[in-house]
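Below is one structure, written out as structure tokens; the observations come after it.
The values are calculated or read from the model by the stated rules, or taken from the named source; none is laboratory data. Owing to the predicted nature of the structure, the values given are computational and were not obtained by experimental measurement. Cβ placement follows ideal geometry from the backbone for every residue including glycine, while neighbour counts extend to all protein chains displayed.
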């Protein structure tokens, strides 16, 4: 019992019956009994080993969980003017847009926006908003690809259907008597089975192709019914979108002008406080450059305002044309309703005339019958 596992085995065997040899005498049989007493030192040592095993198991499980855990995302960089310019370039790149939007969202939640950086954040948000147009264009491209795929599928299905028709015609020609009599009974059975299978598959493909064509015809009829209003609506929506885009560009340019003006004022204040140095000459040059950019931005603003006015006038013309078409549609509907009412009144008059004619005929027949009865009554009575 020097080892722990031997003690476990001995306790496990306690209570077993023992027989010595093949003898069944009472002296050769008995029951195994292991008598033991708990030792505190051994119990404490055993408990320590059990705790050590539990610690190792917990450590192993923790290491396994850490190994299976996904990698943590990279840390978000702190805001700076350099990082903002880099982020603006990433926002314009489609492949890095998701990462850039996450950084912009983190900066906004951290409260990095202040009076000095408001214009920079506005330009970044505007870049994120302009990504919507790219997404819409991408959606249009995917829709075109889907239409092309549908057209390819329809063409391929029609080609398959033509080949099925040819195969079925082969089976029909083989079923004619001049060829059918030369086949054996087993061959005729196989040919009949193959022809039925080919006809079933041909019918399934034909139904599928006809369903696609019916859907296209329904879509074409719906498009014809809604073509004129939709054209008007699309023109109006396109002009409205262009006007909205011009307004956004106008607002962004105005914000940039305000930012340049604030920078000019800050430079003027700093110039009044400091002495004339070499740095002031560079600031003067920067002021001149800023003034030139201001003039260019003002000219661009004027051009944008003129374009906006033109777009608004075109939008007004489109709205007037839409009102005229709606009035024409209402007039056509009223004419159609009046024509339906006239047809209904004519049908009611014809029905009344037919009713009066039938009534006159029935009245004349009843009068004739009454005259015959009077004659029969007033005649001589024979006894």
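Per this entry, residue 88 is not counted among residues that are at pLDDT below 90, within 23 Å of residue 263 (Cα to Cα) and loosely packed, with under 12 Cβ neighbours inside 10 Å. Against the conditions (1) closer than 26 Å to residue 261 by Cα; (2) loosely packed, with under 10 Cβ neighbours inside 10 Å, residue 118 satisfies every one except (2).
The single condition among (1) farther than 18 Å from residue 125 by Cα; (2) within 41 Å of the chain's Cα centre (by Cα); (3) assigned to a loop (DSSP other than H, G, I, E, B) that residue 64 does not meet is (3).
Residue-wise test of (1) touching a residue at least 24 places away in the same chain (Cβ under 8 Å); (2) in contact with a helix residue (DSSP H, G or I) (Cβ under 6 Å, 6 or more places away or on another chain); (3) part of a helix (DSSP H, G or I); (4) more than 30 Å from residue 258 (Cα to Cα).
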position: 112; (1), (2), (3), (4): yes, no, no, no
position: 124; (1), (2), (3), (4): yes, yes, yes, no
position: 134; (1), (2), (3), (4): yes, no, yes, no
position: 147; (1), (2), (3), (4): no, no, yes, yes
position: 166; (1), (2), (3), (4): no, no, yes, yes
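Taking segment 181-191 as the range and being part of a helix (DSSP H, G or I) and surrounded by 13 or more Cβ atoms within 10 Å (Cβ to Cβ) as the test, the residues that pass are 188, 191. Look at residue 214 and say whether it is within 27 Å of the chain's Cα centre (by Cα), at pLDDT below 85 and in a helix (DSSP H, G or I). It is true that residue 214 is within 27 Å of the chain's Cα centre (by Cα), at pLDDT below 85 and in a helix (DSSP H, G or I).
Here residue 101 does not qualify as in contact (Cβ under 8 Å) with a residue 24 or more places away in the chain and either closer than 30 Å to residue 8 by Cα or loosely packed, with under 10 Cβ neighbours inside 10 Å (or both). Taking into account only those residues within segment 67-89 that are assigned to a helix (DSSP H, G or I) and in contact (Cβ under 8 Å) with a residue 24 or more places away in the chain, which is nearest to residue 129 (Cα to Cα)? That would be 88.
Contact map, segment 1-24: first residue farther than 24 Å from residue 37 by Cβ, second residue surrounded by fewer than 10 Cβ atoms within 10 Å (Cβ to Cβ) and at pLDDT 85 or above, Cβ cut-off under 6 Å, separation 6 or more or different chains; pairs are 17/31.
Checked against the criteria, residue 301 counts as modelled with pLDDT of 85 or more, within 39 Å of the chain's Cα centre (by Cα), within 25 Å of residue 115 (Cα to Cα) and surrounded by 14 or more Cβ atoms within 10 Å (Cβ to Cβ). Could you pull out the residue among 315, 289, 304 that is free of Cβ contacts under 8 Å to residues at least 12 places away in the same chain, assigned to a helix (DSSP H, G or I) and either in contact with a helix residue (DSSP H, G or I) (Cβ under 8 Å, 6 or more places away or on another chain) or under 24 Å from residue 253 (Cβ atoms) (or both)? Answer to the check: 289.
For segment 12-26, the set of residues classified as at pLDDT below 85 and in a helix (DSSP H, G or I) consists of 26 only.
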